[in-house]
Amino acid sequence: MDTDALKKEITKGQLWRSVMRHDVEDNPRTRVLKVMSNVFLHLHPVRIPRFGLYLKHTWCMGGLTFFLFLVLTVTGTLLMFYYHPTKEVAYADIKYLEFDVPFGMLLRNMHRWSAHAMIISVWLHMYRVFMTGSYKPPREFNWVVGVLLLTLTMLLSFTGYLLTDDQLGFWAVTVGTNMARATPLLGHEGPFAELTGASPYNDIRFAMLGGSVVAGNALLRAYIWHCIALPLIVAMFIAVHFWRVRKDGGISAPQ
Amino acid sequence: MDQFWLIISKPDNVPIVLMLLLVGFFTWLALSEARKFDKARAEGKTVKEAAYGDEADYPERVTVWPFLVREEFLAAIAMTIFLFIWSMALDAPLEEMANPNVTPNPSKAPWYFLGLQEILVYFDPWIAGVILPNVIVVGLMVIPYIDPNPKGSGYYTFRERPLAITIFLFGFLILWVLLTAIGTFTRGPGWIWFWPWQYWDTHAVVAETNVDFSDLFFGISSGSFTGSLIGFAVIAIWFPLIMALPLIFRKGRELASEMGIVRYLVFGNLLAFMLALPLKMFLRIFLHVKYIWVTPWFNV
Ligand code: HEM
């Protein structure tokens with residue numbers, strides 16, 4: 001059988017055309033169309049500076065950060081099927097995941113290690129952007145967006161830490177949120193708390209935890225920030241970030 | 001050493017070891033690329049020639065399909081394999097159920113905040129836990145606006161931007177990465193320093209008598225009015241001092257006039273914040289100074 005003829009038959013057919021909108025032959029025209037007519041690929045420009053391909057230049061860290069964000073979204077969604085954010089069952093849900101859910105342990109591990117990896121990759125991405133001087137005009141604003149993403153990434157990981165409702169997460173989050181007590185004016189142990197009348201029951205830490213101690217309300221709040229609010233905010237800023245990489249002339253390169 | 005191995009091999013600490021290796025590798029990469037570039041420039045090559053090396057006549061732009069798409073695809077596959085191996089080799093930790101009545105010793109924040117937790121040794125929580133994190137975030141955000149140097153955009157170099165790189169490396173490698181590692185590996189029960197070969201003894205105590213700045217240097221009680229005034233004076237002098245120091249040198253004055261007054265003030269204040277940390281660490285570790293400025297409302 002003539003495979004070339006078959007290929008032609010398929011790729012010229014109505015079905016193929018309706019999905020792909022372009023030929024498959026490799027020529028400059030289709031190379032452009034492949035990117036332009038695909039909603040996912042068109043996040044990219046059609047052409048990029050060659051430096052964008054060099055591992056030496058990008059360390060691939062921005063891309064890997066984004067990929068890890070996607071992995072976290074997928075594994076996180078799967079984890080949500082098995083998890084209830086209440087003091088009564090949260091811990092048991094994790095045990096259930098580890099011992100009863102098929103591949104539950106693998107799923108949990110993937111989510112946790114991807115989270116750690118994302119923290120590392122986002123730091124390294126910042127490091128490389130600095131070392132190649134890529135924050136300089138016209139990319140200043142994208143650096144600012146990046147710093148917000150860095151902060152948000154760490155908050156995402158932090159809110160996730162509590163959800164296992166074990167000693168590790170509980171005390172890590174207790175230690176972390178105790179800092180908020182000391183906020184000047186807004187925390188009950190901070191400087192000038194008397195002036196604002198901040199107490200353990202109305203200060204900024206109370207607002208974060210939904211209570212004066214890390215308990216059920218804190219778990220629910222952490223869950224909502226972790227699974228809904230922060231991912232949406234991060235996704236939005238990533239969209240701005242990528243848009244700006246393009247608008248600022250693509251990846252930086254020596255001029 | 002057993003203790004050290006125990007800490008390093010804790011599943012949640014493995015990423016830190018990985019991070020340290022990666023940071024080391026990339027520091028080497030960036031600096032050795034910078035050295036290569038600077039050398040080529042010194043030999044009279046243009047920026048482009050120096051950065052592109054022998055590929056200077058390749059096309060400047062390439063199509064995303066297939067060049068970038070295939071790279072992304074490979075990177076995604078490699079990362080997926082890496083994550084699978086990691087997830088099969090190491091299990092995520094799960095300790096006993098949360099119990100507010102049993103405080104683990106040491107109680108540690110998540111590893112990426114341990115640099116900040118380490119700063120708690122030197123500053124009260126309102127500074128270490130609230131002011132400094134905000135200064136760090138804001139400080140990072142303003143970098144592009146206070147760096148007036150147009151050179152070094154899009155390539156590695158050290159000679160063309162020595163100041164920016166030195167400050168950033170100091171902040172990132174010492175004040176962030178190193179402190180994170182210290183907070184993870186050397187801080188045991190009671191947040192006491194343990195060397196890697198020492199056992200984390202929960203009953204260990206360190207006899208340390210701390211004094212305040214004015215007591216030590218002037219013999220005046222830090223809580224008294226005069227003591228407090230001295231403390232205030234030290235802080236009040238620190239910021240202008242750090243800002244003024246560079247102006248002694250010709251290069252510093254050039255930098256200042258290039259930046260303009262607003263940029264320079266922002267830069268100087270941030271620098272003063274950044275340097276206050278190692279200074280306080282020094283005072284604390286070698287002279288056992290606890291507070292510099294004591295007031296009825298807060299202590300610094
Ligand atoms: C969730 C976090 C982040 C994601 C997913 C992300 C993703 C990316 C990607 C894919 C690129 C393209 C080039 C590359 O891969 O290096 C990029 C470029 C860039 N990123 Fe990020 N980034 C993040 C955080 C940050 C941070 C923390 C900073 C800096 C503080 C930053 C600053 C920049 C800048 C200035 C560029 C342009 C670089 C150039 O033109 O060479 N980003 N980012």
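The values are calculated or read from the model by the stated rules, or taken from the named source; none is laboratory data. Being a predicted model, the structure only gives us computed values, none of them experimental. Positions of Cβ are backbone-derived with ideal geometry, glycine not excepted, and every protein chain shown enters the neighbour counts.
Looking at B:ILE261, B:ILE230, B:ILE242, B:ILE235, which one is among the β-branched types (Val, Ile, Thr) and more than 27 Å from the chain's Cα centre (by Cα)?
Within the list B:ILE261, B:ILE230, B:ILE242, B:ILE235, the selection yields B:ILE230.
The conditions are (1) in a helix (DSSP H, G or I); (2) at the interface with another protein chain (Cβ under 7 Å from one of its Cβ atoms), and A:PRO45 fails exactly one of them. Which is it?
(1)
Quick grid of which residues meet (1) touching a Pro at 6+ places or on another chain (Cβ under 7 Å); (2) buried (at least 21 other Cβ atoms within 10 Å of the Cβ); (3) more than 7 Å from chain B (Cβ to nearest Cβ):
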{"site": "A:TYR96", "(1), (2), (3)": "no, no, yes"}
{"site": "A:ASN109", "(1), (2), (3)": "no, yes, no"}
{"site": "A:TRP113", "(1), (2), (3)": "no, yes, no"}
{"site": "A:TRP123", "(1), (2), (3)": "no, yes, yes"}
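Answer yes or no as to whether A:ALA229 is in the same structural domain as A:LEU72 (by TED's automatic domain parsing), farther than 30 Å from A:TYR96 by Cβ and without any contact (Cβ under 8 Å) to a residue 40 or more places away in the chain.
no
Just to confirm my filter: which helices (runs of 4 or more DSSP H) fall fully inside segment B:215-300 and include at least 2 residues that are of a type in the set (Lys, Arg)?
B:250-259, B:261-287
Any idea how many residues of segment B:152-172 are of a type outside the set (Asp, Glu), within 11 Å of chain A (Cβ to nearest Cβ) and more than 16 Å from the ligand (Cβ to nearest atom)?
Looking only at that region, the number is 1.
Would you mind finding the one in B:GLY53, B:GLY44 that is outside any helix (DSSP H, G or I), out of contact with any strand residue (DSSP E or B) (no Cβ under 6 Å at 6 or more places or on another chain) and without any contact (Cβ under 8 Å) to a residue 40 or more places away in the chain?
B:GLY44
Condition first: in contact with an Asp or Glu (Cβ under 9 Å, 6 or more places away or on another chain), within 6 Å of the ligand (Cβ to nearest atom) and either in a loop (DSSP other than H, G, I, E, B) or facing chain B (nearest Cβ under 8 Å) (or both). Now tell me which residues in segment A:133-142 satisfy that.
Residues satisfying the conditions are A:TYR135, A:ARG139.
Within segment B:144-155, can one find any residue that is among the β-branched types (Val, Ile, Thr), surrounded by fewer than 21 Cβ atoms within 10 Å (Cβ to Cβ) and within 29 Å of A:ILE251 (Cβ to Cβ)?
Yes: segment B:144-155 contains one or more residues that are among the β-branched types (Val, Ile, Thr), surrounded by fewer than 21 Cβ atoms within 10 Å (Cβ to Cβ) and within 29 Å of A:ILE251 (Cβ to Cβ).
Just need a number here: residues in segment B:44-58 that are facing chain A (nearest Cβ under 7 Å) and either in contact with a Cys (Cβ under 7 Å, 6 or more places away or on another chain) or loosely packed, with under 15 Cβ neighbours inside 10 Å (or both).
2
If a residue has to be in a helix (DSSP H, G or I), surrounded by fewer than 23 Cβ atoms within 10 Å (Cβ to Cβ) and at the interface with chain B (Cβ under 10 Å from one of its Cβ atoms) to count, how many in segment A:68-89 make the cut?
3
Residue check, A:THR164 against (1) more than 16 Å from the ligand (Cβ to nearest atom); (2) facing chain B (nearest Cβ under 9 Å); (3) over 22 Å from the mean Cα position of the chain (by Cα); (4) in contact (Cβ under 8 Å) with a residue 40 or more places away in the chain, all met but one. Which one?
Condition (3) is where A:THR164 drops out.
Suppose we filter A:ALA182, A:ALA172, A:ALA117 for residues that are among the small types (Gly, Ala, Ser), without any contact (Cβ under 8 Å) to a residue 60 or more places away in the chain, within 15 Å of the ligand (Cβ to nearest atom) and at the interface with chain B (Cβ under 9 Å from one of its Cβ atoms); which single one remains?
Result: A:ALA117 is the single residue among A:ALA182, A:ALA172, A:ALA117 that is among the small types (Gly, Ala, Ser), without any contact (Cβ under 8 Å) to a residue 60 or more places away in the chain, within 15 Å of the ligand (Cβ to nearest atom) and at the interface with chain B (Cβ under 9 Å from one of its Cβ atoms).
From B:LEU90, B:LEU29, B:LEU6, B:LEU68, which residue is farther than 25 Å from B:THR157 by Cβ, surrounded by fewer than 17 Cβ atoms within 10 Å (Cβ to Cβ) and not hydroxyl-bearing (Ser, Thr, Tyr)?
Sole residue among the options that is farther than 25 Å from B:THR157 by Cβ, surrounded by fewer than 17 Cβ atoms within 10 Å (Cβ to Cβ) and not hydroxyl-bearing (Ser, Thr, Tyr): B:LEU6.
For segment B:178-192, indicate whether the set of residues that are over 19 Å from A:ALA172 (Cα atoms) and part of a helix (DSSP H, G or I) is non-empty.
yes
How do the pairs read when you match residues in segment B:183-203 that are modelled with pLDDT of 90 or more with residues anywhere that are assigned to a strand (DSSP E or B), using Cβ under 6 Å and keeping only pairs 6 or more apart or on different chains?
Close Cβ pairs (under 6 Å, with a partner that is assigned to a strand (DSSP E or B)) amount to B:THR186/B:TRP193.
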